[in-house]
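Student: The structure is given below, and queries will be raised subsequently.
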Amino acid sequence: MADTVRKRQKLVVVGAGPVGSLAALYAAARGDEVEIYELRGDLRDPSTVPLNFTKSINLALSERGIAAMRHSNREELINNVLRGTIPMHGRMIHGRDHGQLWEAAQAYDVHGRAINAVDRSTLNNALLDELERTPNVKLFFNHKLTGADFSARKAWFERRVPGEAPLPNSANRVPEIEVDFDFMIGADGAHSAARYHMMKFARVDYQQEYIDTLWCEFRIPPTKDGDFHISPNHLHIWPGGEFMFIALPSADKSFTCTLFAPAAHYQHLGSSAQNLVESFNDHFPGVCPELISPEDLQEQFATNPHLPLISLKCKPHHYNSSIVIVGDAAHAVLPFYGQGLNAGLEDIRVLFEFLDKHGSYDLDASPEARREARARAFQAYTDQRCADTHAINDLSKQNYLEMRWGVKTPLYKLRKSIEEALDRYVPSLGWQTQYSRVSFSNQRYSEVIRSARWQGRLLGLGLATTLISTVGVVAYVVWKNASQHSPRGLLHYSWRRLSSIWVRMFGAIAYA
């Protein structure tokens with residue numbers, strides 16, 4: 001027993017969010033001594049202020065995230081989390097034509113699968129409660145990473161007591177504690193201190209981008225009877241071309257909503273209360289005053305912060321055998337595919353699969369051999385994961401255009417109908433929509449892009465062939481009837497025949 005304890009590795013996890021917490025559970029299950037350091041106070045405490053001073057954009061938990069949690073082999077944890085989720089089976093698109101409000105559902109998947117709306121605190125609390133019950137895990141809140149030496153495997157943290165002014169030392173600095181470790185996992189978000197210190201040791205290619213879009217959170221309250229105002233099993237979208245408004249259900253029968261719009265539009269909305277209400281009436285019909293009163297709309301817009309959206313890519317995701325970064329610390333993505341959380345949780349599954357595969361948990365190996373195995377595992381993780389996280393970064397940017405504009409276009413609806421018909425009626429082809437591959441499978445993101453491009457080329461070829469064939473048929477029919485029509489009548493006759501064929505064909509596709 002003493003020999004086993006001696007061979008345990010010590011892991012330091014920076015960040016106690018969902019991704020860092022899952023990493024700690026994976027490592028603890030393999031016998032590591034785990035210490036988690038979190039900049040904020042206990043995240044289960046309602047008085048703990050989030051780093052951006054607001055609730056985060058609601059989380060959407062899908063297959064990748066659920067699969068990653070299942071690999072922690074803690075079935076009760078999964079059940080606790082899923083009990084607090086609300087399944088969303090598709091999008092509900094809202095609009096207005098000729099003064100009449102309308103809504104149109106678009107299913108995510110022909111097989112009825114759903115993504116799950118989950119409150120961040122529900123997920124985080126379940127993970128932290130599980131960690132607190134795990135004997136080889138220690139939690140340290142209010143600890144800020146201030147330095148790290150990844151050659152000596154040491155880190156320094158400032159401990160801050162909430163409500164108390166820090167007591168400076170003789171150098172007028174907050175006292176630090178020194179922590180030794182075998183390896184570190186940085187899971188401390190887009191503005192990661194772990195990544196910052198890693199970049200002093202590793203040659204990291206780093207790309208950060210703020211898109212010209214801000215987001216502000218709103219809330220649709222429950223009805224007077226304590227029920228949902230609109231369907232709870234959909235992600236609601238009011239597409240506005242250059243901007244959009246979305247709503248996700250919450251367990252208390254409210255909806256957490258987000259306005260995504262360019263900074264210039266926010267300036268326009270903030271210039272007067274009248275501009276705000278009129279803009280919502282023009283672009284997001286049915287929201288105000290039907291779901292949010294003008295007074296609440298104005299108060300929430302003025303009170304809730306208007307925050308930027310960041311995306312980042314970096315490579316490598318590790319240095320030697322000392323540190324690896326995961327989640328937003330390695331690949332912050334835009335929220336428009338709902339994959340930020342899922343990609344981060346998937347990081348943990350992939351990382352520990354490589355650690356197991358390369359023998360870094362072989363208790364019969366020497367510490368040196370285990371470090372070498374860990375270095376190989378980290379390199380394999382970087383090689384695979386960088387390609388995939390760069391891919392989901394690009395997909396998330398593209399999906400913003402689809403959500404705020406593309407979901408209403410005939411071409412989008414046509415392709416979706418064709419691909420879903422092929423998936424439903426000819427499953428042997430392995431044909432799926434890009435959304436299904438991302439949200440309802442564990443296929444690598446980079447492979448999803450290749451599959452979607454291949455399907456797009458085949459569809460384009462098929463539609464082009466159909467168009468050419470149709471034109472040929474119509475031309476033959478017109479030629480046969482040329483003597484019966486004037487030039488103008490012939491043109492009208494040709495267009496009528498061509499339109500009739502295409503309407504029947506597209507109608508059949510859409511019906512399927």
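The values are calculated or read from the model by the stated rules, or taken from the named source; none is laboratory data. Every value quoted in this text rests on a predicted model; they were computed, and no experiment measured them. Note that each Cβ is placed from the backbone with ideal geometry, even for glycine, and that neighbours are counted across all protein chains shown. Ligands, DNA and RNA are stripped out before the accessible areas are found, and what is left, the full protein with its side chains, is counted by its heavy atoms. Shrake-Rupley method; radii C 1.70, N 1.55, O 1.52, S 1.80 Å.
Student: Do you know which of the residues in region 250-275 that are in a helix (DSSP H, G or I) and of a type in the set (Gly, Ala, Ser) is surrounded by the fewest Cβ atoms within 10 Å (Cβ to Cβ)? Quick ask: steps written out before the conclusion?
Tutor: Initially, region 250-275 is screened for residues in a helix (DSSP H, G or I), giving 263-270, 273-275.
Retained after the next criterion (residues that are of a type in the set (Gly, Ala, Ser)): 263-264, 270, 273.
Details: Ala263: 13, Ala264: 11, Gly270: 13, Ala273: 15.
In this case the residue turns out to be Ala264.
Student: Residue by residue through region 428-448, note down the ones that are without any contact (Cβ under 8 Å) to a residue 12 or more places away in the chain and touching a helix residue (DSSP H, G or I) at 6+ places or on another chain (Cβ under 9 Å).
Tutor: Residues satisfying the conditions are Leu429, Gly430, Gln443, Glu447.
Student: Further question on the same structure: Can you confirm whether Arg96 is in contact (Cβ under 8 Å) with a residue 60 or more places away in the chain, in contact with a Ser or Thr (Cβ under 6 Å, 6 or more places away or on another chain), open to solvent by 30 Å² or more (accessible area, probe 1.4 Å) and not aromatic (Phe, Trp, Tyr)?
Tutor: No: the conditions fail for Arg96.
Student: Report whether or not Asp383 is farther than 25 Å from Tyr206 by Cα and surrounded by fewer than 20 Cβ atoms within 10 Å (Cβ to Cβ).
Tutor: It is false that Asp383 is farther than 25 Å from Tyr206 by Cα and surrounded by fewer than 20 Cβ atoms within 10 Å (Cβ to Cβ).
Student: Pairs please, first residue from region 37-62 and of a type in the set (A, V, I, L, M, F, W, C) and modelled with pLDDT of 75 or more, second anywhere and open to solvent by 50 Å² or more (accessible area, probe 1.4 Å) and not in a loop (DSSP other than H, G, I, E, B), Cβ atoms under 8 Å, 6+ apart in sequence or on different chains.
Tutor: Leu39/Lys144; Leu43/Ser121; Leu59/Arg120
Student: Mind checking whether some residue in region 397-419 is at pLDDT 80 or above, out of contact with any His (no Cβ under 6 Å at 6 or more places or on another chain) and open to solvent by 50 Å² or more (accessible area, probe 1.4 Å)?
Tutor: yes
Residue-by-condition table, conditions (1) touching a His at 6+ places or on another chain (Cβ under 7 Å); (2) farther than 28 Å from Asn233 by Cβ:
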residue: Asp32; (1), (2): no, yes
residue: Ser47; (1), (2): no, yes
residue: Gly65; (1), (2): no, no
residue: Gly84; (1), (2): no, no
residue: Ala105; (1), (2): yes, no
residue: Tyr108; (1), (2): yes, no
residue: Arg120; (1), (2): no, no
residue: Asn125; (1), (2): no, no
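Student: If you don't mind, there's one more thing I want to ask. Please count how many residues of region 327-355 are in contact (Cβ under 8 Å) with a residue 24 or more places away in the chain, open to solvent by 30 Å² or more (accessible area, probe 1.4 Å) and among the acidic types (Asp, Glu).
Tutor: The number of residues fulfilling the criteria is 1.
Student: Any idea which of (1) crowded, with 19+ Cβ neighbours inside 10 Å; (2) modelled with pLDDT of 95 or more; (3) touching a Leu at 6+ places or on another chain (Cβ under 6 Å) is the one Val118 doesn't satisfy?
Tutor: All conditions pass for Val118, except number (2).
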